[in-house]
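Okay, structure first, notes after.
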Amino acid sequence: SPGSQFKQVKIVRESERVDTKTGKGKSRGFGFVEFTEHNAALNALRAVNNNPKIWTKKSRPIVEFAVENAKALQKLRATMA
């Protein structure tokens, strides 16, 4: 939605298979997006998840919420403070 921002975006890559053009590991086919607001994440999930208007039958990702470990989240927040 307008004004919403991504907090963090990560593409999961393979360390063994490196792209010769970029020097980065090749994508493993999934990643993570963290939004600054829960409602923005929910709207994105509803708009993108398995939407045939956006994706083809061969390329239709499944989007879902990741469940975070509460202790890991607390540790991350403590290091960012």
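The values are calculated or read from the model by the stated rules, or taken from the named source; none is laboratory data. Being a predicted model, the structure only gives us computed values, none of them experimental. Note that each Cβ is placed from the backbone with ideal geometry, even for glycine, and that neighbours are counted across all protein chains shown. The accessibility values were calculated without ligands, DNA or RNA, using every heavy atom of the protein model including side chains. Shrake-Rupley method; radii C 1.70, N 1.55, O 1.52, S 1.80 Å.
Quick notes on this one:
- For region 40-78, a tally of residues being open to solvent by 100 Å² or more (accessible area, probe 1.4 Å), modelled with pLDDT of 75 or more and assigned to a helix (DSSP H, G or I) returns 4.
- Among the residues of region 3-21, at least one is open to solvent by 90 Å² or more (accessible area, probe 1.4 Å), part of a loop (DSSP other than H, G, I, E, B) and over 22 Å from residue 76 (Cα atoms).
- Residue count for region 22-38 under the criterion of being more than 15 Å from residue 64 (Cβ to Cβ) and either open to solvent by 100 Å² or more (accessible area, probe 1.4 Å) or within 14 Å of the chain's Cα centre (by Cα) (or both): the result is 5.
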